[in-house]
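Just so it is clear, none of the values below were taken in a lab; they were calculated from the coordinates. Here the structure is a predicted model, which means the values were calculated and not measured. No Cβ is skipped: glycine too gets one built from the backbone with ideal geometry, and neighbour counts run over all protein chains shown.
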Amino acid sequence: MDLDALIADRETRIVVCCGAGGVGKTTTSAALALAAAEAGRTVVVLTIDPARRLAQSLGLVELDNEPRRVDVPGAPGELHAMMLDMKRTFDDVVTAHSTPERAQQILENPFYQALSSSFSGTQEYMAMEKLGQLRASEQWDLIIVDTPPSRSALDFLDAPNRMSRFLDGTMIRLLMAPSRTGFKFASAGFLLFSRIVSKILGGQLLRDISAFVAALDTMFGGFRERATATYELLRRPGTWFVVVASPEPDALREASYFVDRLSAEQMPLAGLVLNRTHPPATTVLSATRAQGAAEEVAEAGGDDAALAAAALQVHADRMQQAAREQHLADRFTSAHPEVAMRTVPAAAGDVHDLDGLRVMAEALTGPDGDTPTGTPRTRVLSARRG
Ligand SMILES: Nc1ncnc2c1ncn2[C@@H]1O[C@H](COP(=O)(O)OP(=O)(O)OP(=O)(O)O)[C@@H](O)[C@H]1O
Ligand SMILES: [Mg+2]
């Protein structure tokens, strides 16, 4: 996978980093954005990172709902970063698409307040909304999108639809039917149903929802159209998906689902980033031989022997781990031979500054061969191609 060429290509306008929770989506997004700025692009990275790790790693005290310029000394391009504030994005949409009085009504509505800050899917929906805004502004020639820490990577693709279906409100409309059309048209069964719902949800909530729906009524079409438009944006040429996974069965299974889904939706996949792999320092000594040597040396007794035995044991463990990771990578590749793969070794500590991001960017975009330490990464995880 040639991410270097991909981000340098002026035709590339959007890169979306997806994957299971905690695999390194945010870090990968930031590293790619840094590499893009260093390749001369004017790039903004849209992060969805409540843990604020990105702000930290970019040396920013704070990221808010507007892009902030990050100083990258010597870079010919520009790096901007922002963190999605989903409630503010939602508020802005409401304000932009209704009259001031109506907006006021909606914003103050308790049901709206709950929906805009906690409804599952709101984050994904608002990420798409923000992406649409950034794209429309034409201020950046590349937008890198991080995705929310969802349980499933598919949530990012599913949420906007779910959300607009919800706002479109088959259920809400059903619930509201009596108050809209007058009780006289509602069937006895429906009256009973809505009385039960009202009991469960509480009369006040039902009135809140009713007021919300009434106020939002004019926007319904708008929301659905916008979700559809942004979804289409993801399918247009110039958009690429990068799927991130760790070398673990769950993360790779998740990546597999996601890859299948992208291909079903005809969305362009750049490839898979296998992040936090553990290549051994050398592959000259096999796990079995290291293990055997560790046992032999340990028998000799003494401090030096114990130390040597421990070092050999670490190497044996590391070789075994590398073999496990290789096996998982191979399994993924045989299931998806068309998917390019790139491995990124685990850094010694967390990636929390520009230097750390630069090392990661190098692994993502550098020559597809040896690591900076001269370790033949390809021999450990040779599944990558492209
Ligand atoms: N290659 C790496 N080497 C070492 N640490 C890494 C590497 N990649 C990511 N990390 C660390 O792993 C942690 C999780 O990474 P990150 O926040 O990017 O994951 P994420 O997929 O965005 O998580 P979430 O799903 O919670 O949003 C961070 O502390 C990050 O610094
Ligand atoms: Mg994240």
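Numbers below:
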item	result
Only Lys, Arg (+1) and Asp, Glu (-1) charged, at Cβ; the stretch 1-123 dipole about Cα centre in debye	180 debye
Residue order, fewest to most surrounding Cβ atoms within 10 angstrom, among TYR112, TYR125, TYR231, TYR257	TYR257, TYR231, TYR112, TYR125
Semi-axis lengths, Å, the stretch 65-109, gyration tensor of Cα atoms, sqrt of 5 times eigenvalues	35, 9, 5
In the stretch 1-91, the trypsin sites (Lys or Arg not before Pro) that fall in loop regions by DSSP, at most 10 other Cβ within 10 Å	ARG10
Other-chain or far-sequence residues with amide H under 5 Å of PHE241's (modelled H)	VAL16, LEU269, ALA270
Centroid-to-centroid separation of the stretch 17-44 and the stretch 222-278 [C-alpha atoms, Å]	14 Å
Förster radius 22 Å - calculated FRET efficiency between ALA300 and GLN320 (Cβ-Cβ, nearest 0.05)	0.40
Charge tally in the Cβ shell below 15 Å around PRO73, where Lys, Arg are +1 and Asp, Glu are -1, PRO73 excluded	-3
Within-15-Å neighbourhood charge of VAL351 [Cβ basis; K, R +1; D, E -1]	-1
Net charge of Cβ neighbours under 10 Å - reference MET86; Lys, Arg +1; Asp, Glu -1	-1
Positive-end extreme of charge dipole, the stretch 230-286 - chosen from ALA270, VAL244, SER286 (charges on Cβ)	ALA270
Segment HIS327-GLN139, extension gain: residue separation times 0.36 nm, minus the distance between their alpha carbons	63.3 nm
Sites matching GluC sites (Glu not before Pro) across the stretch 235-333 that sit in DSSP coil, with at most 16 neighbouring C-beta atoms within 10 Å	GLU265
GluC sites (Glu not before Pro) lying in DSSP loop within the stretch 21-90, provided at most 14 other Cβ fall within 10 Å	GLU62
Dipole of the stretch 76-123, positive direction: furthest Cα of GLY121, VAL93, MET82, with charges on the beta-carbon	GLY121
